[in-house]
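Novice: Questions regarding the structure given below will be posed in turn.
Only the coordinates and a few stated rules stand behind these numbers; no lab work does. Given the structure is predicted, the values throughout are model-derived calculations rather than measurements. Neighbour counts are summed over all protein chains in view; Cβ atoms, including those assigned to glycine, are modelled from backbone coordinates with ideal geometry.
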Amino acid sequence: MRVVICGGGNVGAFIAGELARADHDVLIIDVDPERVKQAAVTDEPAGVPWLLADACEVTELARGDVDRADVVAAVTGDDEDNLVISLIAKQEFGVPRVVARVNNPKNEWMFNDMWGVDVAVSTPHLLTAIVEEAVSVGSLVRLLSFGGGQARLVEVTLAQDCPAGDHEIRGLALPRDSTIVAVIRDHHVVVPRGDTVLCIGDEVLVLVTSESEEDVRRLLTGT
């Protein structure tokens, strides 16, 4: 998979290094000449090429052969730049998958398909969800959003009075546009099937839409 990372700060460099170690074809684009120069000296991340360019400019982004990219990740420290990069990558180069970093959670509403963003990652919101997930039993917690919020990955730890406890998944009458994607039980992942019985204390991960989320909440929490 060819991945172009726009933004070579700590976040971008780390992502690039992890992807390169997984044998993906990775390029980092950064506008800071000192940062690119330093990367050339240290070879960090190892084996990942850097391109000195302004990814907010179509002609500059084209120098990274973005038209051949499977994924573009806009992970600069500036939300405006990340939106511009996402829009250019999607509209000008037809990149199949565009991932954008949200620095200011107040801006997350803009990171949608209108700006070419397929997946928006808001670190503050993600951290909040992880904290909630760690302390909340019987509450539905949003972990990630996709497609401008139209699809979401949610998690619930089944409480003692949960109506879904001791029931097979196929008997729950889940909405058609939702699906249980994983069950974590006693620190082990259970791949859900129709005859999988949900137990009190299970951590249940569900992919929902904005329309089905409330129905799923009622089925798994009773509230």
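Novice: Need one number: convex hull volume per residue for segment 1-63, Cα atoms only, in Å³.
Specialist: Enclosed volume per residue, from the Cα hull, is 70 Å³.
Novice: 5 Å is the cut-off here: which amide hydrogens, built 1.01 Å from N in the peptide plane, fall below it relative to SER139, excluding neighbours closer than 5 in sequence?
Specialist: Those lying under 5 Å, H to H, from SER139 are THR157.
Novice: Hey, could you grab the Kirkwood Rh for segment 2-121? Inverse mean 1/r over distinct alpha carbon pairs, Å, one decimal.
Specialist: 13.9 Å
Novice: How do the peptides 50-57, 211-218 rank, highest first, by the average count of neighbouring beta carbon atoms within 10 Å per residue?
Specialist: With the highest mean Cβ count within 10 Å placed first, the list reads 50-57, 211-218.
Novice: Separate question: Out of all DSSP beta bridges with both ends in the chain, state the antiparallel percent to the nearest 5.
Specialist: Close to 50 percent.
Novice: Compute for segment 136-221: radius of gyration divided by Kirkwood radius, i.e. Rg/Rh, restricted to C-alpha atoms, rounded to two decimals.
Specialist: Reported Rg/Rh (Cα atoms, Kirkwood Rh): 0.93.
Novice: Moving on. Using each residue's phi in segment 193-204, evaluate 6.51 cos²θ - 1.76 cosθ + 1.60 at θ = phi - 60° and report the 3J(HN,Hα) Karplus result to the nearest Hz, with x for Gly and Pro.
Specialist: Residue by residue, segment 193-204 yields 10, x, 8, 5, 8, 7, 10, 4, x, 5, 9, 10 Hz.
Novice: Report ³J(HN,Hα) in whole Hz for each residue of segment 57-64, in order, from the Karplus equation J = 6.51 cos²θ - 1.76 cosθ + 1.60 where θ = phi - 60°; Gly and Pro get x.
Specialist: Once rounded to whole Hz, the list reads 10, 4, 5, 6, 5, 4, 5, x.
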